[in-house]
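Worksheet: the structure to be examined is printed underneath.
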Amino acid sequence: MVFDFTKCSSVHFSGLRLNEKGIPEIVGFKKLGFISTPVTVSQYGLYRYQLYEKSGGEEHRNAAIKCAEWLAQNAEIRDKDVLWWYNFGSEFLNIKPPWLCGLAQVLSSWLLYIFRDIDNRWEEIAYKALNPLFYPVEDGGLINKLNGFTFFEEYPSNPPSATLNGLMYVLIILHAFSSAGYHRVDSPFKLYTESLAKNLYRYDTGFWSLYDLWKIKRFSSLQYHWLHIYQLGLLYQITGIKEFYEWHKRWLIYWKSTNSRFFRVIHKLKEKSIIYTGIKI
């Protein structure tokens, strides 16, 4: 897989700790405290596996296997689908439990596929876990639409949120499956990469990238803006679609600009005022 998780530890693993079984926990919502979620466990597992690939250290491989085992144990396995449910809601995004996370489905799927030789069930689980990507949110899947833009949803929110990093992660993982010979994903990958390329302008503010397209357009943090730049470069490398390169270059200019960073802070303050008080400043 082209994505290198070892470059992104500061983005995804801030505040992470390991429990007594070696499974990562993170504070997703303060009222829940430290919890293990499919996204955190799968990302950490892929991170440790890539450290193993780079160093050969068996401790990294063993840590990744523990994460894969946790995912297999915590999946709901149906005849046609494998699902990792989130059993807490989000008042902010108007999501009621249980719900599926597009990012959790693909990252968990890929980690189990990597270790398919350990358990002969894991390859089938990996393929079934991708099935929710093939039907819409209203039918329990992960395809969503917003003003003519069709995309994979990380958070099945109402209204749609179209979280950018999650969407690009899904596309990158689908490409990994295609490269590994699972060609059922070829058509969706082509369709949704082209859809994203045509709609990237929606995420541009003129000086920074947006985290999502939810009703309060949220500006990306420094870490997530950098992640967007990295993901866009990978998608251009994979597809050759010029829009990915053009937005990669533009957002890299923003990243390097002191003025852009200053304006991001000002708009973040306004954004938080709206979110927490409902008052526009």
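The values are calculated or read from the model by the stated rules, or taken from the named source; none is laboratory data. Everything numeric in this text was worked out from a predicted model, so none of it was measured. Glycine also receives a Cβ, built like all others from the backbone with ideal geometry; neighbour counts cover every protein chain displayed.
Quick check, is L210 more than 26 Å from V82 (Cα to Cα) and touching a residue at least 24 places away in the same chain (Cβ under 8 Å)?
Here the answer is yes, as L210 does meet what is asked.
Checking F5 against (1) in contact (Cβ under 8 Å) with a residue 60 or more places away in the chain; (2) in contact with a His (Cβ under 9 Å, 6 or more places away or on another chain); (3) over 29 Å from P159 (Cβ atoms); (4) not acidic (D, E), which test does it fail?
If we test F5 against (1) in contact (Cβ under 8 Å) with a residue 60 or more places away in the chain; (2) in contact with a His (Cβ under 9 Å, 6 or more places away or on another chain); (3) over 29 Å from P159 (Cβ atoms); (4) not acidic (D, E), just (1) comes out false.
S157 passes all but one of (1) hydroxyl-bearing (S, T, Y); (2) in a strand (DSSP E or B); (3) modelled with pLDDT under 95; which number fails?
S157 satisfies every listed condition except (2).
Does N144 fit the bill of being outside any helix (DSSP H, G or I), of a type in the set (S, T, N, Q) and at pLDDT below 95?
Judged against the criteria, N144 is not a match.
Which number in (1) more than 21 Å from F88 (Cβ to Cβ); (2) out of contact with any helix residue (DSSP H, G or I) (no Cβ under 6 Å at 6 or more places or on another chain); (3) not hydrophobic (A, V, I, L, M, F, W, C) marks the one condition that R116 misses?
For R116, the failing item is (2).
Tell me, which residue of segment 194-223 that is part of a loop (DSSP other than H, G, I, E, B) and among the hydrophobic types (A, V, I, L, M, F, W, C) is nearest to I275 (Cα to Cα)? Before the answer, list the steps.
Taking segment 194-223 first, the residues part of a loop (DSSP other than H, G, I, E, B) are 205-208, 211-218, 220-221.
After this cut, where a residue has to be among the hydrophobic types (A, V, I, L, M, F, W, C) as well, the list is 207-208, 213-214, 216.
Working: F207: 21, W208: 19, L213: 14, W214: 12, I216: 8 Å.
Result: I216.
Let me confirm something: among G233, G206, which residue is loosely packed, with under 14 Cβ neighbours inside 10 Å, modelled with pLDDT of 95 or more and out of contact with any Pro (no Cβ under 7 Å at 6 or more places or on another chain)?
It is G206.
Does S220 qualify as being on the phi < 0 side of the Ramachandran plot and loosely packed, with under 14 Cβ neighbours inside 10 Å?
Details: on the phi < 0 side of the Ramachandran plot: yes; loosely packed, with under 14 Cβ neighbours inside 10 Å: no.
In short, no.
How many residues does segment 77-113 contain that are in contact with a strand residue (DSSP E or B) (Cβ under 6 Å, 6 or more places away or on another chain) and in a helix (DSSP H, G or I)?
Residues meeting the conditions: 1.
Condition first: assigned to a helix (DSSP H, G or I), over 18 Å from the mean Cα position of the chain (by Cα) and either crowded, with 19+ Cβ neighbours inside 10 Å or of a type in the set (A, V, I, L, M) (or both). Now tell me which residues in segment 175-193 satisfy that.
L191
Output the residue which, of all residues in segment 1-53 that are among the aliphatic types (A, V, I, L, M) and either in contact with a Leu (Cβ under 6 Å, 6 or more places away or on another chain) or assigned to a helix (DSSP H, G or I) (or both), is farthest from L93 (Cα to Cα).
L51
Can you name every residue in segment 87-125 that is hydroxyl-bearing (S, T, Y) and modelled with pLDDT of 95 or more?
Matches in segment 87-125: S108, S109, Y113.
Filter segment 1-57 down to the residues that are over 29 Å from A180 (Cα atoms), modelled with pLDDT of 90 or more and basic (K, R), then identify the one that is surrounded by the fewest Cβ atoms within 10 Å (Cβ to Cβ).
K21
How do the pairs read when you match residues in segment 179-205 that are polar (S, T, N, Q) with residues anywhere that are surrounded by 14 or more Cβ atoms within 10 Å (Cβ to Cβ), using Cβ under 6 Å and keeping only pairs 6 or more apart or on different chains?
Going by the 6 Å Cβ cut-off, the qualifying pairs are T193/L171; T193/T239; S195/T150; N199/F149.
Between a first residue in segment 117-134 that is among the small types (G, A, S) and a second residue that is outside any loop (DSSP other than H, G, I, E, B), which pairs have beta carbons less than 6 Å apart while being 6 or more apart in sequence or on different chains?
Pairs that qualify, where the first residue is among the small types (G, A, S) and the partner is outside any loop (DSSP other than H, G, I, E, B), are A126/S109; A126/L112; A126/Y113; A129/V82; A129/Q105; A129/S109.
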